[in-house]
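In what follows, a single structure is set out as structure tokens and then discussed.
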Amino acid sequence: MNTGLNRKLYSFLTEGALLVAIVSTLIPIGWLFWNSLRYSRDIINPDNPVVLTLYNYKSLFAGGSTFLTLFFNSLGVVLCTTLLCLLIGALAAYSLSKFRWPRAFTPAVLGIALFIQLVPPIALVPALYLVLNSFYLYNSVTGLVLVNTVFNLPFAIFLLKVYFDSIPDDLKEAALVDGCKEGGVFWRVMVPLAAPGIAAVSILVAILTWNEFLMALSLTSTPDAQTITVGISSFLQEFNVQYADMSAASAIATIPLVILAAVAHRYIVTGLTGGAVKG
Amino acid sequence: MSDELRTSGTNSAAREPYPSHVKGRRLRILGRPLGFEHWALLPLFLFLLLFVLYPTVELIRAAFSTVTTTEGGFSWKFSGLDNFYTMLGDEVFRAALLNTIIFVVGGVALQLVLGTLLAVLVERSRILSGLARNVLVWPAIITPVAISVTWWLILNSEFGLLNRLLEAVDLPRQAWLASTFWVLPALILVDVWHWTPVVFLLVLAGLANIDQTLYQAARVDGASEWRVFRSITLPLLAPTLVVAALVRTVLGFKVFDEIFLLTKGGPGTASEVVSSYVRKVFFEQVNLGYGAFLGLVIISVMLLLFAAFFGLRSVVFGGGRTS
Amino acid sequence: MVSAKRRGISRREFLSRGVKAGISFSALGMFLSSCAVTGEQQAGRGSAPISIAINQSPWLKSFQSIVDIYKEDTGNDVNLRIFPFEGLRSKLLNAASIKSEEFDLYTINEGWAAQFYDAGFVTPMQDIDPDFELDGSVIEYDSVTRWDKSLGYFSKDGPVYGIPINGNIQLLYYRRDLYDEMGLEPPETWDDVIAATKEARRKLDSNIYGYTMRGKPGGYAVLYDYLPLLRGFGGDIFANPPEDYSVTINSDEGRQAVELFLELLSYGPPEPQAIGQADQLALMQSGRTLQTHTPNGAFPLMDDEVQSSVPDKIGYTVVPRPSEGVHAPTGGIWVMGIPQHIQSSQKEAAYSFLQWLLAKENHLRYAESSGIATRQDVYESDLAEQEKFRYMRATAASSPYVTRGADYVFGSKVHEVAERRLSEIAAGLLQPKDALDTMADEIAKVVPNS
């Protein structure tokens, strides 16, 4: 029987459990940021002195530091990868969605593209190293953009295709009858209609690319091309872990994502779930 | 007029050949003139050729060869199934495979349970749901490298937060990342913290798709909350849960960043997973042929998982629908 | 109906054309990769700029300083390609495998130097300059610099393949302020060390870790710290490499070593299997441990005020010996090798850089920027008088005793076994005697048949 007291109890438990969840999510992140504001020697001190300082952040952006370069490299890789993924992905998804292909063709293409998601990336590193080297693209932002595009394309195409599928074919017919060429139909009719999907895909690709680590680590050798993830890992040295620098660098890598999450929350959710549920 | 004659997506006359007056001027492929739809796929095909086909061919080639270091370089020699026999005798690989399975099964199970729980809670909550929806997503989007750093600062046995808290309440410290017993549970904990939000979002979306009238009808009939959940919510959520399980399983098999940064597969082989082991084979043992073979094995396992998923899907979805 | 004749390309033709295109494409790829050059090498012949592959480490800054001085002095250009510590070896293997011109100098750790020398990845110095000779004051760290191809091993008389540029050897780091408080002399033997430990626990702080040893397996960590104990008693992993690879790790000396190992561990952190190098150094920096042995390369970290709570309080001395045994600090040095396959103009440029670096005046400047020098006369110079460089005396005193690490061609396999088993011993998971015998069996299995 649902008495008023029962309902209040349920409500209390529900909110309580959620509070626990929220706190468990925030504690590790908070500990990270907290440590980024302390000196290295205090982080390892068993007495845990509380001395707050901006020293770590200052030294990350100080004269000899390459951190700023890494930050902008990450930004560049993210922007270009997202654009490239959208371009290639939207074109391919549109083609697969709105045109007639032999029955096995579409699943086959999607399958091959998705294939790369199944392979442990580490196994592809030697071959990718060779490919990039052949085009003088080893240790370059361009090279990373290409590799990241490859890894994100299957997902982008899949999601965009779902969005294009949901646009009625009649619109295409109508536009063609009105005198639009195929290309025009795509750019002027279809793309604007798929805008929410495109937004969702871009945000997800951006997040995945910003976070990418293994390829950036293996396919670059100097700060000219390295990204922020490689920079953070370089503080975790065999010899000496630079706790404070590492925390500050991680914090800086995290802040843009947290802001993005707050601002573009809707698109992230749609992006993560859109394809899966409908598919 | 030629626009009308060109095939479009839904026109069932697609199989018919093109009228002869169209054929003459255009480039052709497989009997059809090259249209927008072909050019649109070209960039994708170029990418696939360069970055998927070529590396895969190299991978297969290496998997059946022995690659050794010689005077200043590498030499290839076809060696058939030698790598296969090596794998059979490789107890580290067996351990890595076992660890990966434990990691994936344990992690995914916990993620499914927690994710569903959180989604249900958020849906019913009034006060905290807005905040929860935002904050609970964060672990899934934060850089994995930063997450490794975060949890390293927590799980480190000398300076980590966890042991400091335990000491403060007089409980015994543990070597979370260095004990053969605790290391996998610790890594699963990190993984669950990291990826539950994805399941959470998927289930949330799935819940939103459930018709509310079903609930109302059940409640009017006097069903208890648990009954409602068990007989209505869960069955209708099943497709979503299957998708979530598949996505997390496939991604779980490939786990690398956290293992590499937190434990490097240690202590011993207690947290060695397939990705970290393949890396060791490639870059520390420099056994390219064997590493490639292991890569192939992993791909096959994933393909099997996928096939199993499609089998499950037709059962759960009620068959027939293509993506 | 259109007949087959009138269709465009038949399906079979299309596929065969595609396959041919695919094959020729990969052939093109291989060809291009074999002549890949980076932009820098193509520019300017006069001062042949060189690229050095090096890793992140505490001594990187000092190396960067000396490179800047080199650039000023000679007007030549040097590019440092810095990799995360873990990644350097795989980078070099990748580069060597495709004969890439990307680097002109490889920074090689002695732990895997054997592999590189044996595979012919780097060239003997004499092949570049027939009159090459290593200055007598350059420390050779038990011939890690030389290799005999026919023996397949390091040899005192073999040609020089690697120039030592970072003389990392183990020293004992100890809290000299606490030793003074207790009225004790710097330790000479392990008995002195243990006596100091007990005294510290009694008089100063019952919670202090008297001695810290690494127990966390990490490629070549636990074994590396264990070797001075093993060799101090006169034992070793093998009887007499390269002639005799019979395993002796479980000999009587081996047993004594393991007992000492366990005793030292008992004075340290409760979970030694969690202590890696970073943890060990952090314990020293936070004042949590009285003493430990670790490479001298860490000395800048001890006096750095941001990172250390005990600046100026650390003293250095030679790694202790058993009362009836010998000092046996293990070397863990870094050499630089010149790749075999690069153009000769690049080889010469790299060679002249190395010669410049080894010259005494330049090497002194290297040590002044906190580089770990490899010349004995630097360690005996006036620099050693400075407080900042107080580690130099201990280093100079250690030179006669330095032993090579477990640096066999198949070394990584030995490391794998030893790391795992030693760590298990440290964690108390295995009984020492059984563990030693198991280790001996497993190591015997990885020795390649000669």
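Couple of notes before you dig in:
- With θ taken as phi - 60° and the Karplus curve 6.51 cos²θ - 1.76 cosθ + 1.60 applied, the whole-hertz 3J(HN,Hα) list for the stretch C:110-127 is 4, x, 10, 5, 4, 4, 6, 5, 5, 7, x, 6, 10, 9, x, 4, 5, 5 Hz, x standing for glycine and proline.
- Per-residue shielding of C:307-317, expressed as the average number of other chain Cβ atoms within 10 Å of the residue Cβ, stands at 2.
- The smallest convex shape that holds all Cα atoms of the stretch A:4-56, its convex hull, gives 100 Å³ per residue.
- Computed over the stretch A:31-86, relative contact order equals 23 percent, with contacts defined as Cα pairs under 8 Å that lie 6+ residues apart.
- Cα radius of gyration and Dmax for chain C (Å): 25.6, 107
- Most fluctuating residue given options C:Gly337, C:Gly183, C:Gly405, as computed from a GNM of chain C linking Cα atoms under 10 Å: C:Gly183
- Principal-axis tilt of helix A:265-278 within chain A, Cα atoms, nearest 10 degrees: 50
- Whole-number percent relative contact order across chain A, with pairs defined as alpha carbons under 8 Å at least 6 apart: 29
- For peptide B:293-306, the mean count of partner chain Cβ atoms within 10 Å of a residue's Cβ comes to 3.
- Taking GluC sites (Glu not before Pro) across the stretch C:71-164, the ones in a DSSP loop with at most 10 further Cβ atoms lying within 10 angstrom of their Cβ are C:Glu133.
- Set A:Lys172/B:Lys254; A:Lys58/C:Lys347; A:Lys161/A:Lys181; B:Lys254/C:Lys61; A:Lys58/C:Lys99 screened for pairs whose C-alpha atoms are more than 29 Å apart: A:Lys172/B:Lys254; A:Lys58/C:Lys347; B:Lys254/C:Lys61; A:Lys58/C:Lys99
- Straight-distance crosslink candidates among aspartates and glutamates, where the alpha carbon sits under 20 Å from C:Lys433 and sequence neighbours closer than 8 are dropped: C:Asp225, C:Asp236, C:Asp252, C:Glu253, C:Glu259, C:Glu263, C:Glu416, C:Glu419, C:Glu424, C:Asp441, C:Glu442
- Computed on chain C, with alpha-carbon pairs under 8 angstrom and 6+ residues apart, the relative contact order is 23 percent.
- Computed with the Debye formula from one identical point scatterer per Cα of the stretch C:77-175, without solvent, the log10 of I(q)/I(0) at q = 0.24 Å⁻¹ comes to -1.45.
- Neighbour-count order for B:Arg313, B:Arg164, C:Arg214, fewest beta carbons within 10 angstrom listed first: B:Arg164, B:Arg313, C:Arg214
- Residues with amide H under 5 Å from that of C:Arg175, placed H, sequence gap 5 or more: C:Gly315
- Per-residue HN-Hα couplings for the stretch C:194-200 [Karplus 6.51, -1.76, 1.60; θ = phi - 60°; Hz; x = Gly/Pro]: 5, 4, 4, 4, 5, 4, 5
- Amide H contacts of C:Gly120 (H built 1.01 Å from N, under 5 Å, at least 5 apart or other chain): B:Gly72
- Mean ellipticity per residue at 222 nm, deg cm²/dmol - from DSSP H runs of n ≥ 4 across chain C, formula -39500 (n - 2.57): -13000 deg cm²/dmol
- Along each principal axis, Cα extent of the stretch A:34-90, largest first, Å: 56, 25, 14
- Lys, Arg +1 and Asp, Glu -1 on Cβ, resulting dipole of the stretch B:90-317 about Cα centre, debye, nearest 20: 440
- Remark: the Cα gyration tensor places chain A in the oblate category, a/c being 1.5 or greater and a/b not exceeding b/c.
- Dipole of the protein assembly as shown [Lys/Arg +1, Asp/Glu -1 at C-beta], most positive-end residue of A:Phe158, B:Leu153, C:Ile194: A:Phe158
- Reciprocal mean inverse distance between Cα atoms of the stretch B:90-317 - Kirkwood radius, Å: 19.7
- Table column - 3J(HN,Hα) (Hz), the stretch C:358-365, Karplus curve with 6.51, -1.76, 1.60, x for Gly and Pro: 7, 4, 4, 4, 5, 5, 4, 5
- Relative to the Cα centre, the charge distribution of the protein assembly as shown, modelled as +1 at Lys and Arg Cβ and -1 at Asp and Glu Cβ, gives a dipole magnitude of about 6240 debye.
- Amide H contacts for C:Asn166 (H built 1.01 Å from N in the peptide plane; partners 5 or more residues away or on another chain; cut-off under 5 Å): C:Trp334.
- Whole-angstrom gap from the stretch C:371-450 to the stretch B:226-304, using each part's C-alpha centre: 36
- Shielding value for A:26-35 is 5, the average number of Cβ atoms from other chains within 10 Å of each residue's Cβ.
- With eigenvalues of the C-alpha gyration tensor scaled by 5 and rooted, the protein assembly as shown, Å: 54, 38, 26
Computed from the coordinates by the stated procedures, all read-outs in this text should not be read as laboratory data. Everything numeric here is computed off the predicted structure, so don't read it as measured data. Virtual Cβ from ideal backbone geometry, glycine too; neighbours counted across all protein chains shown.
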